[in-house]
Amino acid sequence: MELTINPTDYKPRLIIWEIACSCLENNLKIKSFTTKECFTIMDTIAEVSKPIIILASNYSENSKCDPLDRQDIIDILLYGNSIGLKMIVETSGEKLTQDLRNVLKTIGTKCIRVLIHDQIKEDIDNRFVQSEKFKKLDNLINQLKNEGFEIQLGIILKNFNTRELSFVVDYAVEKNAKGIYFHFQNTKSPSKSKKVNHNREDAIYWIAEQKKLLPDEMYFSPQCIKYGIKHKEDSKETESTNKSTHWCLSGKTFAYINGKGEIQICNSIKNVCGDLRKSNLNFAEIWYKSDIFNWLRYNNFSCLQTQISMTKPIPNSSESKKEIYEKI
Ligand code: SF4
């Protein structure tokens, strides 16, 4: 049977956009999009759907950029909200001055996502190590809460250490954060290294277990994953019971725009699905036409399966697609 997919059936619900990027490429600073270009990109996103847009920075360790570095950040937020997008800024918080918070309040921003790098660490005496960075972060979160902002915490997950993560979760619960959002990060792109990150699957299943222990209203997940149950009847192996599983949402409801304007599967898988600068800033065109996204739509891959599949060329006939899928 010929399996077909209709790309227009798929609408992004969440896009992470590295809107501020100070990274160097070939010793040249990457050129950010102008305000007008950002508006055009948002218009073409809104043609497809009205997703949540996380205005983010580059997640690499050396990156010092932050969306709040942009002078036009308020214009971008206002414009996005005016066309129905749900705009959220993810910031390390250092630039979140009282003045800026006042402006954000005035324009109706209800929620701020604070990116915690490695500020929250276990301490025998004080529960959390009281470093300068921690104190600043803690102060900021308290202030934001007092001012009525909803707090989300963003975490870059490079190494999976359950004890370290448990302390972060404790902190988030203590602060009554609305959610913890994970960004997976690799040291190397699987497409270049031809390696996949098996450790990530452990993290994904650990997160699923922790979700059960947290307050119902607290979001706790990588944003590019859907958890669910795989029924034994749908299993290729002869499973005797239904089991928990997860699916990669990239190309289905999730996309990632890097600092150069390329659309990727996610932050950690750098295969390029399309380049906004080479496509008249037209997100919709890339979303519908990308071979990679259509390949992911054709398959219900887990995170690991997506990583493995990206180490191989994408097949172009349904039969060979099926063959490769069976092997993954
Ligand atoms: S491969 Fe898919 S599930 Fe895994 S991190 Fe990337 S987008 Fe998320």
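Per-residue Karplus couplings for region 261-268, computed as 6.51 cos²θ - 1.76 cosθ + 1.60 with θ equal to phi - 60°, are listed in order as x, 8, 9, 10, 4, 6, 4, 8 Hz, Gly and Pro entered as x. Under the rule of at least 5 residues apart or a separate chain, name every residue whose amide H is placed under 5 Å from the amide H of ASN242. Under 5 Å from the amide H of ASN242: LYS232.
Subtract the Cα-Cα distance of ASN139 and TYR205 from 0.36 nm times their separation in residues, and report this length gain in nm to one decimal. Don't skip to the answer; put the middle values down first.
Details: separation 66, 0.36 × 66 = 23.76 nm, distance 3.23 nm.
Value of the extension gain: 20.5 nm.
Karplus-based coupling profile of region 108-116, in residue order and whole Hz: x, 5, 9, 10, 10, 9, 9, 8, 9, with θ = phi - 60° in 6.51 cos²θ - 1.76 cosθ + 1.60 and x standing for Gly or Pro. The ellipsoid that matches the Cα gyration tensor of region 74-145 has semi-axes, each √(5λ) in whole angstrom, of 30, 12, 9, with the longest given first. The H on the amide N of GLU262, modeled in the peptide plane, is under 5 Å from the matching H of LEU276, each at least 5 residues off or on a different chain. Taken one residue at a time, the phi angles of region 92-107 give Karplus couplings (6.51, -1.76, 1.60, θ = phi - 60°) of 6, x, 4, 8, 7, 6, 4, 4, 5, 4, 4, 5, 4, 4, 4, 8 Hz. Gly and Pro are set to x.
Beyond 29 Å between alpha-carbons counts as too far, so tell me which of LYS29/LYS226; LYS50/LYS243; LYS11/LYS178 fall in that bin. Don't jump to the answer; show the numbers that get you there.
Values: LYS29/LYS226 36 Å; LYS50/LYS243 33 Å; LYS11/LYS178 25 Å.
Exceeds cut-off: LYS29/LYS226; LYS50/LYS243.
The gain in end-to-end length when the ASP125 to SER82 segment is fully stretched comes to 10.6 nm, 0.36 nm per residue minus the alpha carbon separation.
Bear in mind that the values in this text are calculations on the coordinates, not laboratory data. Fair warning: this is a prediction, and the values are worked out from it, not measured in the lab.
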